[in-house]
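One structure below.
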Amino acid sequence: MAILGTLLKKGIMLRESLEQLYTSPLDLQKQELRNLLIQCQSTKFGQFHSFNAILNSFKKGKDEFYKSFTANVPIHDYDKIYEDWWHLAKAGQRDICWPGKIKYFALSSGTSGASSKYIPITREMVKSIRKTSMRQILTMSKYDLPASLFSKGILMLGGSTNLKKSGHYFEGDLSGITAAQIPFWFQHFYKPGKKIAKTEDWHSKLEEIVKKAPDWDIGIIVGVPAWLQILMERVIEKYQLNTIHDIWPNLQIFVHGGVSFEPYKRGFEKLLSRPLTYMETYLASEGFIAFQAYPNKRSMRLVLNNGIFYEFVPFIEANFDVDGKLKDGAKTLKIDEIEENKEYALLITTNAGAWRYMIGDVIKFTSVDENEIVITGRTKLFMSLCGEHLSLDNMNKAIELVEEELKIDVREFTLLGDRSDSLFAHHWYIGTDDEVDENQLGERIDHHLKTLNDDYKVERGSALKEVRLSTLSTKTFYQWMESQGKVGSQNKFPRVLKKEKAQLWRNFLNELNREVS
């Protein structure tokens, strides 16, 4: 890693990074799709969907390959591809959607659905994740960082590496699967180390990390903001510190992903004696999709040449129903057809056997030339009871603004739809341990959303009659997650709760109130 620090200072780039820099996005993506089809033409999925015919279309006109691909391969959400194909690989069958047997399945947190999803993980996918990770590390040459940083420890707060053997495969969190296979040269720097990483109970893992904290010289932390904040608070409390820098003076970088960091930032920075360098990643259970390539930018660079082919579905009413489900006949676009500042639901085809897979995220291109994107929400995590079209991006920004305005720390929040007589209402649940006037907080969130979203402003004057708000202690949100078996690791509290999950949340709060009374 000391050698890596020297390389960073010299601005070394991997071949893949240079290739993406000097090749058109369409050419890169066309090559990725061709490679995936070639590898899988003899699989059951490839034979059923005429991969040979699709491959022959690559020799024809510019767009013929894509016309053939979309004509022969349907769009899949998780339920469809699992019921039709992935369950066969999970049962131990070979050559289903990817050559050979699938040895690992990542358990996705299932933010949008009711339960965990089983996502296939292949050797090729793990290699791709490592390559993209190295590409992101090498972008640090653009940051003003000392070479000595890369001799410090890297604390990765993820799932257990003690994977569960279940019949023909191992299952666990993606972070646990990848951490169990870290390269030998990285093991000296990797914290919390193999022994603690195997710990399955989340609370026990945090306790063990807190005990070892004084022994480590940490320079980089990696993980979901909420859980890292809880860990740092426990370390500070245990050792009677003012900030985390009192015990880890060389801490300089926080690599985060999975959820917007902005609502957490104010509370997070109270634990520091000086600012950190923040680096965002878009690492889903289905693949490493994008990473922050520039300092002081809130966008990420889409990775176009590392085992994933992308398609884009305009996130508009013509393509999606009120529950965020894709409508029949929705038009999909290639990388050369997208436009800046428009929202798209993302489809991916990967080297783990996902084919035209609706990952559930909504993105927006901030720069087409540089393939820079931001995540604006989820196809099913938005609120539109009466046409207000409130996105996750709108919600995060409104919370960020009220935190700054009222000088409060909002650790978690969620939004539910409700009735107000014959019309509609929004009910916000805000997780904060600060004293705040609920009426004022609700009024300011409403004010900012009217500024951020014209549709919301219109509906607040008509069908969206009321905005309700309840403040709760932060621990209430984490108690709920624990009750749902979603504590720790890559799990996040859903920013919008609908239908069954909304009712479960209400029942949970009612039960808590009964216990208090």
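The values are calculated or read from the model by the stated rules, or taken from the named source; none is laboratory data. Computed from a predicted structure; not experimentally measured. Don't worry about glycine lacking a Cβ; one is built from the backbone with ideal geometry, like all the others, and counts go over all protein chains shown. Side chains included, ligands, DNA and RNA excluded: accessible areas come from the protein's heavy atoms. Shrake-Rupley method; radii C 1.70, N 1.55, O 1.52, S 1.80 Å.
Using the structure shown, decide if Ser420 is in contact (Cβ under 8 Å) with a residue 12 or more places away in the chain, surrounded by 14 or more Cβ atoms within 10 Å (Cβ to Cβ) and among the small types (Gly, Ala, Ser). When the stated conditions are applied, Ser420 passes them.
One residue alone among Thr379, Thr349 is of a type in the set (Ser, Thr, Tyr), touching a Leu at 6+ places or on another chain (Cβ under 9 Å), at pLDDT 95 or above and surrounded by 20 or more Cβ atoms within 10 Å (Cβ to Cβ), and that residue is Thr349. Contact annotation: residue pairs with Cβ atoms under 7 Å, 6 or more positions apart or on different chains, pairing a residue in the stretch 234-252 that is among the aliphatic types (A, V, I, L, M) with a partner that is surrounded by fewer than 14 Cβ atoms within 10 Å (Cβ to Cβ), are Ile247/Pro214; Ile247/Tyr239. The set of residues in the stretch 313-329 that are within 20 Å of Ala71 (Cβ to Cβ), among the aliphatic types (A, V, I, L, M) and modelled with pLDDT under 95 contains only Leu326. Between Gly417, Gly431, the distinction of being farther than 26 Å from Gly267 by Cβ and not in a helix (DSSP H, G or I) belongs to Gly417 only. Can you tell which of Val410, Val374 is over 24 Å from Tyr344 (Cβ atoms), in contact with a strand residue (DSSP E or B) (Cβ under 7 Å, 6 or more places away or on another chain) and touching a residue at least 60 places away in the same chain (Cβ under 8 Å)? Among Val410, Val374, only Val410 is over 24 Å from Tyr344 (Cβ atoms), in contact with a strand residue (DSSP E or B) (Cβ under 7 Å, 6 or more places away or on another chain) and touching a residue at least 60 places away in the same chain (Cβ under 8 Å).
Taking (1) in a strand (DSSP E or B); (2) out of contact with any Lys or Arg (no Cβ under 8 Å at 6 or more places or on another chain); (3) open to solvent by 10 Å² or more (accessible area, probe 1.4 Å); (4) of a type in the set (Gly, Ala, Ser) in turn, Gly329 satisfies each apart from (1). From the list Lys238, Lys265, the one residue that fits, being touching an Asp or Glu at 6+ places or on another chain (Cβ under 8 Å) and open to solvent by 10 Å² or more (accessible area, probe 1.4 Å), is Lys265. Of the set (1) within 21 Å of Pro120 (Cα to Cα); (2) surrounded by fewer than 22 Cβ atoms within 10 Å (Cβ to Cβ), all apply to Ser273 but (1). Scanning the stretch 39-93 for residues that are in contact with a helix residue (DSSP H, G or I) (Cβ under 7 Å, 6 or more places away or on another chain), of a type in the set (A, V, I, L, M) and closer than 14 Å to Phe309 by Cβ, we see that the one that is surrounded by the fewest Cβ atoms within 10 Å (Cβ to Cβ) is Leu55.
Quick one: would you say Glu388 is within 27 Å of Val224 (Cβ to Cβ) and modelled with pLDDT under 95? Judged against the criteria, Glu388 is not a match.
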